[in-house]
Structure formats: structure tokens, C-alpha cells
1. How many residues are assigned to a loop (DSSP other than H, G, I, E, B) and modelled with pLDDT of 95 or more when one looks only at segment 344-373?
2. Assuming L557 fulfils every condition listed in (1) open to solvent by less than 60 Å² (accessible area, probe 1.4 Å); (2) more than 21 Å from F435 (Cα to Cα); (3) part of a helix (DSSP H, G or I) apart from one, which condition is it?
3. If I filter segment 560-571 for residues that are in contact with a helix residue (DSSP H, G or I) (Cβ under 6 Å, 6 or more places away or on another chain), part of a helix (DSSP H, G or I) and either among the small types (G, A, S) or touching a residue at least 40 places away in the same chain (Cβ under 8 Å) (or both), do I get at least one hit?
4. Look at K564 and say whether it is modelled with pLDDT of 95 or more, within 17 Å of K595 (Cβ to Cβ), open to solvent by 10 Å² or more (accessible area, probe 1.4 Å) and not polar (S, T, N, Q).
5. Within segment 378-415, how many residues turn out to be modelled with pLDDT under 95 and in a helix (DSSP H, G or I)?
6. Sort through H259, H280, H293, H273 and tell me the only one that's open to solvent by 20 Å² or more (accessible area, probe 1.4 Å), over 22 Å from P556 (Cβ atoms) and not aromatic (F, W, Y).
7. Quick test of your reading of the structure: K428 fulfils all but one of (1) over 21 Å from A629 (Cβ atoms); (2) in a helix (DSSP H, G or I); (3) charged (D, E, K, R). Name the failing condition by number.
8. Take segment 520-540 and flag every residue that is part of a helix (DSSP H, G or I) and either under 14 Å from L559 (Cα atoms) or open to solvent by 30 Å² or more (accessible area, probe 1.4 Å) (or both).
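The values are calculated or read from the model by the stated rules, or taken from the named source; none is laboratory data. Keep in mind it's a predicted model, so treat the numbers as computed, not measured. So basically every Cβ, Gly included, is an ideal-geometry build from the backbone, and we count neighbours across all protein chains shown. Just so you know, the surface numbers come from the protein's heavy atoms only, side chains and all, with ligands and any DNA or RNA stripped out. Shrake-Rupley method; radii C 1.70, N 1.55, O 1.52, S 1.80 Å.
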Amino acid sequence: MTRKYPNLSKPIKIAGVTFRNRMFSAPMGGTDITNDGCIGPKSTAFYELRAKGGAGAVTVSECMVHPETDGSHAYHLDTAILNSLAAVTYTADAIRRHGAMPSLELSHSGMYSGTYMTDKNRKHGLAQWGPSACTRPDGVEVGELTQEMIDDIVAAYGRVAGLAKRAGFEMIMIHAGHGWLINQFLSPYFNKRTDKYGGSLENRCRFAKEVLTAVRENVGKMFPIELRMSGSELFDGGYTLEDGVEIAKQLESYIDLLHVSAGTYQRGFGDTHPSMFKEHGCNVYLAAEIKKHVNVPVATLGALNDPEQMEEIIASGKADVVYMARALLADPELPRKVVEGRDDEIVKCLRCFTCMAERAATATRRCTVNPLIGRELDGVEVIPAPVKKKVLVAGGGPGGLYAAYTAARRGHRVILCEKENELGGILKSEQALPFKGEMYELTGSYERLARKAGVEIRLNTEVTPEYVEKEAPDALIIAVGSTPLVPPIKGLDGDNVVIVNDYYLNKDKVTDEVVVFGGGLAGCECAIHLGMEGKKVHLVEMRDELAPDANVRHRPLMLKEVEKYVTVHTGYKGLEVRKDGILCADKDGNEILVKGTSVICALGQRSNTAVVESLQDTAPFVRVIGDAAKVATITNAVYWGHHAALDI
């Protein structure tokens, strides 16, 4: 057959190993890591799902090679640890049996040991070792690695690589980017040594060469070694793209695939993991430039999820392979859908950082748009129900749509009713914010999946007790969402006020001087957008901090955007909305007018409790999901909706 995306779909041979396509699964850390560093069964299932979804390679991450100098709670591979080799072998097998090539990323955190630990006290108590002695910005002392320690670490890279090959891995990725140990040696910012490992670029590359040599000695010639590097560190004092080109030229003879990323985890998280405020593929230029100067295949990545863009990257010669991480959480089947020409079924990553925030907060994984992530052992296949039933879903937001989709796949007859003339619920408002375009598009993605699964969708249809009685369903899923919270503040019902949910309908009413009333997540993001449009924006928030409802990964990046575009007034209580702004009281009771000729009301949401209560006893099986149950996140709505459907 003729492939719609021939360049993405065609195989690539690297060091004698044939990868079935050019779409690889980027390194993502596991969750149920044992105390002694073994891969747990949940993590094995986590990686296997991407192999089943059609990726050419699946990278298991991160395996720390030298626990004696790196106390990070990550994977270890050591025959002295009971089950260590077995756990890695089971994981490699789980990936390979689906046609993907298993790859293991080997790393050392260097002076940032313990970065992923949820126990911050223990993290700061770890011994930290780097190329040079220094004091980190957080006050932690870093010791300089001795020659003996360097030799031991180099040998450990080789030893672990050999074990990985024995376990069934068919490629090794050496992590030399993102601010970890090898990157620290490469970087003039971190590396202040005066011996053979410091000073000139050639000397700064010496440690990497020794590591790669040790790995090659342990895996042999016809075995792919991939080097992951930052094309540029992207901060003052770090190495530039020009330096990155020279580093790549120094190291290419030691490797078979060059994987070009960007930035450092500690100084540029939003560069290494591009946020919704950046363009898709914003780091591709680094790989494209480096590829001009080397002869080995080059891989690129960075917020890639659109098949057309990725096809162009390969076709135009910017890179030979594209890596995806978050995109393959949102839709593990993305590669398979691309190859099979089903790209209209792809559910795109929102770049909301729920996946990474959950790992930082609870050491688990979640994905806003994919309820399977982090829970793969609970079952990734939707099993047909033994008894087919009639299911009525009230509400066409993301939770209701996903519940209907899952219920239909189980073989039930599903009717979804939405009282308005458009699906999406609260997601409709996201169409006004360009950087949240994929969140708005999520409605269309879920709708296509639901309709293909057989869901009957009825718009302009409100579910009332009488309607339920008429339809007589066996099960009712209540997903009626929430409504904006509009407190009885004088003037808040004025003509110059727009509710943030309705901004997309009333953009023309908003003047060039705006006060956003409410500094939660919705208010902050709307304020950023208005500022990007060139408007003069003030943000009024009663609390001392902005957006406590934003996750721990998205929030700091969002606040940087707020700093660029918005004048912030925290600790201000809104007393009255006027034609010329909002009259506020500060903490001392002083009245201050925050000027603006338009006001955006973003004071939160309230569950549609009255609707829920009216429907509670109208069907044999009733489940309330999403904001209708508790104002929270899209993540919860989708997850609860999926499991409500599984329970029918």
C-alpha cells in the first residue's frame, strides 16, 4: 500500500539493527522503582504500551550506572542486586515481542543527584559529585571527582552496557545532555578543571570519549550506541550551538546515532521540555544544523506530535529519526496510526505537564487525555461487556465524551446528550487562546473516536428526569460539568465584564486596557494571552500567590509568561467593578483602583449540583464524573469517565 507518511514509516538500519520506522519513544522514567533500583512491573507495562503502539524503538530511562557516586532513585543494573538483571530482561522482552527495539538509557546525575526524589530532605543529604568542586545555587556542596572515581564511573558505564545487551536490549543510549554528568564535563559553565578533562573543548570531550569507548568494548561492533546530547545549553555561560557542532564532530566516530536535544534540566526545564508557550519543534533547528556536519544518523525531538511536521523533518533532511515522549503518553498508538493512515484518530498531547507533575508529586504517572497511563497493569484493552446495555451520558465535555467512547467499545448502546449546540463543555473557551489550541482540539478528537465507536450524539438536548424516564437507560453517567462562580460583587454584572469561559464569544468587547479578576490558572492564562495581543493587562488576586491550582511543572513556566505580559496585584480584594476598573482593598484596608476599561471575571467554577441531584435516582446505575462531582481537572474527568464506563 502507499503510505500517507512514507518517510516516517520507512525502516532505518543502524549498526546492523533494523528499526521498523523513524518514530522512536524517547526516554521516560519509571514509577514503581524498588528501593534497590529494580524495574517494577508497572514500569515494564508502561514501556510495553509504547511498543504495542508501533514505535520503532522504546527507550527505558534512566539507568544510573554508579550508585556509589549517584544516589538518585532510578534504575540500577547490577548482578549483585537480586532480580535486577531479571527485571531488565523482562522489560526488554516486553518491548521486543511487539516489534519495537528496546533501548536502555545509561546516565549519571553528577552534581544533581537525586533530582527526581520526592523526599527532598534525603535528596539534599546525598553526596554530590561533579567535574569541579562548587556550591550549587540551592546551597548544596559539590565535590570534585578524582581520577580514580572517574575511572570507576567509566568502567561502570561499560559493565552496565554489557549487562543490558545480555538482558536483550538492542541499543544503548548514553545520556550526555540535559545537565547530567557527561554534559557537566562538556560544559564550560560546570567544568572548571585544569587537568586533561578541562579547558579546551577536546579535553572537555575526553570523559565522554572514555565512556563511549568502554561501552563499545562491552557491547561489540555491530550494536547501536546512541549519544544523547544538548545541541546547545541555551543559557549564558553554557556551550552554544557552534560548540555543539564541534562536540558532535569530536564524538561521532564513537557512536551510531546522534540524538540532539536542548538545554539543561536544572537551568532550562522549559527548553528541554518545550511548554505550550513554545512552537512545536522549536528545538529541531539544533539537530538540523548539527546534521550538516556529521556523517552518522541524527535524531531530533521537542514537543513533536503532528505527523505532517514530522514527515517534513525527515523528508527535508533535518533529521533521520524523530523522538516523542509526551506525545506517546497522550496516544501510544500514534506511530501505528501514522503508518496505517489513521492520523485523524490521533489524540494529541496538550503539553500541560500533568505527566511530569504527577511524577514529581507522587512518583506515579498520569496523562490528562489518556486514562491508561501509569495504570497499564489495570488493563489496556477494553473488554466487551457480557451483557449489552443502554447507556445515557449527560454532558458532552471531555469526561462525558470519553465515558461514551469507552462504553461504546464495550458493546453498549450509547447515547450522549449535550444541551448546547456544540460539544466540549469548558474546553470551548480554550479556542480563544492559541497556545491552548490542542486543548480545544481535544473535543474533536474524542468526538471522532466516539462516533467511530458507535456513540449516538444528540446536541441541543438537555437531560432532565423526564428525559431519562422516556429513554429508560440501564445506566446514566452524569457529566454536566460546572458553571462560572460569579459572587455578588457590585458591578460584576456590568456591560464591561466578560466571564472568562465566554471570552471566546466576546473577544470584540474587550478593550486594550484589561483587568483580569482572579489569578487562578484560567485567569493567568487568559491574562497571558491578552498581553501577547498587546493589551495592557492587570491581574487582581486576593491570595498571596498566583495559580495554586496549576501543576508544579506548568506553573513556573506559566508564571514566567505572566512576568513578561502582566502587571500583578496579589493580596488585593475586589470590592467593586467600575467602568474604569476594579476598586480593591489591600491587606491594610487601603482602597486602590486598578484601572482598566474591560474586566475578565475568572473567579473559579462551581459544580452543577442541582442538576446532579435531580438526576441521581433516575436509572439503575448512576455515576457522577468530572466537575459535576468535584471541580478539578480534565485529567480526573477523563479518568473517572473511562472507569465509569468500565463499571457498567
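1. Of the residues in segment 344-373, the ones assigned to a loop (DSSP other than H, G, I, E, B) are 346-353, 363-373.
Restricting the remaining residues to those that are modelled with pLDDT of 95 or more gives 346-353, 366-373.
Within segment 344-373, residues that are assigned to a loop (DSSP other than H, G, I, E, B) and modelled with pLDDT of 95 or more number 16.
2. Among (1) open to solvent by less than 60 Å² (accessible area, probe 1.4 Å); (2) more than 21 Å from F435 (Cα to Cα); (3) part of a helix (DSSP H, G or I), L557 violates only (2).
3. Of segment 560-571, the ones in contact with a helix residue (DSSP H, G or I) (Cβ under 6 Å, 6 or more places away or on another chain) are 561-562, 565-566.
Still in the running and part of a helix (DSSP H, G or I): 561-562, 565.
Subset that is either among the small types (G, A, S) or touching a residue at least 40 places away in the same chain (Cβ under 8 Å) (or both): 561.
Among the residues of segment 560-571, at least one is in contact with a helix residue (DSSP H, G or I) (Cβ under 6 Å, 6 or more places away or on another chain), part of a helix (DSSP H, G or I) and either among the small types (G, A, S) or touching a residue at least 40 places away in the same chain (Cβ under 8 Å) (or both), which makes the answer yes.
4. In short, no.
5. Result for segment 378-415: 1.
6. Values: H259 fails: open to solvent by 20 Å² or more (accessible area, probe 1.4 Å); H280 fails: over 22 Å from P556 (Cβ atoms); H273 fails: over 22 Å from P556 (Cβ atoms).
One residue alone meets the criteria, H293.
7. (1)
8. First, the residues of segment 520-540 that are part of a helix (DSSP H, G or I): 521-532.
Those that are part of a helix (DSSP H, G or I) and either under 14 Å from L559 (Cα atoms) or open to solvent by 30 Å² or more (accessible area, probe 1.4 Å) (or both): L521, A522, G523, C524, E525, C526, A527, I528, H529, G531, M532.
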